[in-house]
1. Taking the label point 7 Å from Cα in the Cβ direction, how far apart in nm is residue A:89 from each other copy of itself, listed shortest first?
2. Quick one: label points 7 angstrom along Cα→Cβ at residue A:3, distances to the other copies in nm, smallest first?
3. Past 32 Å, Cα to Cα, is the threshold; run A:157/B:57; B:31/B:187; A:30/B:157; A:34/B:146; A:187/B:83 against it and keep the listed order.
4. Average partner chain C-beta neighbours within 10 Å, per residue of B:144-151?
5. What span do the alpha-carbon atoms of region A:1-141 cover on each of the three principal axes, reported in whole Å from largest to smallest?
6. In nm to one decimal, list the spacings between the residue B:24 label point and its equivalents in the other copies, with label points set 7 Å along Cα to Cβ, shortest first.
7. What ³J(HN,Hα) values, in whole Hz, does the Karplus curve 6.51 cos²θ - 1.76 cosθ + 1.60 give for region B:66-80 when θ = phi - 60°, with x put for Gly and Pro?
8. At most 15 other C-beta atoms within 10 Å and a DSSP loop state: those are the exposed GluC sites (Glu not before Pro) I care about. Give me the longest piece of chain A that has none.
2 protein chains.
Amino acid sequence: MYQEILSHIQEYIQLDATEVELFTSMLVRKKLRKRQFLIEEGSSVNYQYFVVSGCLKAFEVDENGDEHIIQFAKENWWISDFKAFFDESNSKLTIDSIEESIVLGIEKNDLEELYRKVPKFERFFRIKLTRAYVALQNRILSSLEKTNEEQYLDFQKAYPNLEQRIPNYMIANYLGIQPESLSRIRKRLVNN
Amino acid sequence: MYQEILSHIQEYIQLDATEVELFTSMLVRKKLRKRQFLIEEGSSVNYQYFVVSGCLKAFEVDENGDEHIIQFAKENWWISDFKAFFDESNSKLTIDSIEESIVLGIEKNDLEELYRKVPKFERFFRIKLTRAYVALQNRILSSLEKTNEEQYLDFQKAYPNLEQRIPNYMIANYLGIQPESLSRIRKRLVNN
DNA sequence: AAAAAATATTGACTTGGGTTAAGATTTTCA
DNA sequence: TGAAAATCTTAACCCAAGTCAATATTTTTT
């Protein structure tokens, strides 16, 4: 049950049996059916989540009611509204499942306790955040430098096999283009 | 000399005299004249920098030789090529000064030693990275949701007073539009 | 298996911002 | 201060992607 998250964490820090016990005792398992909400806009965000299986998306709804996907999360990814989680503010993001999914949540207070008792976890999340920060920088640079076609190809490389699990209109949304445009890009790519 | 960086850090963690001494002993001061490079593309990146005064920009040069600005850094901001710094890879970013600037650098080995000896610094940078991550998420959401005019107004809000210190063509570059377009937007704004 | 819902494609038309080019204005520095 | 460099603005034209609308295809549900 905890093997995925433990081996994920132990890629970065080493844990002894007591630490594993403390950490896993803090985890809450949630099972989501397809299209079920994990975090709803406007609610408080008490958990950050590790995806054991399945796939979710985080998006913001704009003033016209349109969704804008900021992140997909499949197996071994972390997802939450990190701003709301850290600020204890209300969520501006919505997170729901694209497939039936299993996630492990850790509560904010537990996480703070974990940082106090096992400071290595500060290190773990510092490293994860550094990588996440760099990934977002690259996404921005890609949007500044590249055509939509190139960004689509980048997406396929960055998230191998994810495309088969997600409808095209969500990929278009993530890329900031209309589904019609993605359809034209895909057509161009198969013809060439 | 160290008062800015120390009060910046002590917003998040408390340091005693020994810790202050250890930390400041690791800092290297660099003074840059306008247009001087801090990090050049292709070089190794041994430092991350805190800006004491002045203003710098980090950008990537694309295959056509065009620059794309990913970040400005003024007083109390951190800047580096964090990917290259952490991976010990060669820099894909270039960083140079927009104004005469003073920065404090900390070397990678020293930072690792600091983490070992004063784990609170892991906490400090974890918190800073969380905020930086959220800021980049917001920048991406802004680019997905908003018109160029709205993004320009967001930039002015997010970086008050910075606009007066930076040429418009760099702001246009940061926003991913042509200077001509920014000029049109600015004209529209004064007329309305 | 049929109906309903969700997803994907295509075509016609429109438009915001890119491109090119020229000139105006401001800043830098010898 | 004056020349050179850097920066900003305006105009004309063009194109990639948005919009709107219709239809096709796939998936889900009953």
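1. 3.2
2. Those label-point separations list as 5.9 nm.
3. Numbers: A:157/B:57 29 Å; B:31/B:187 37 Å; A:30/B:157 39 Å; A:34/B:146 30 Å; A:187/B:83 35 Å.
Too far apart for the 32 Å limit: B:31/B:187; A:30/B:157; A:187/B:83.
4. Working: counts 14, 9, 3, 0, 0, 0, 0, 0.
Per residue, the average neighbour count from other chains is 3.
5. The principal-axis extents, from largest down, are 50, 34, 25 Å.
6. Inter-copy label distances (nm, one decimal, shortest first): 4.8.
7. 7, 7, 9, 7, 9, 7, 9, 9, 10, 3, 6, 9, 9, 8, 5
8. Numbers: sites that count: A:11, A:40, A:63, A:75, A:88, A:99, A:100.
Result, exposed sites excluded: A:101-192.
Values in this text are rule-based calculations from the coordinates and carry no lab data. The model shown is predicted, which means the values in this text are computed figures rather than measured ones. Methodologically, a virtual Cβ is constructed for each residue, glycine included, from the backbone with ideal geometry; neighbour enumeration extends over all protein chains shown.
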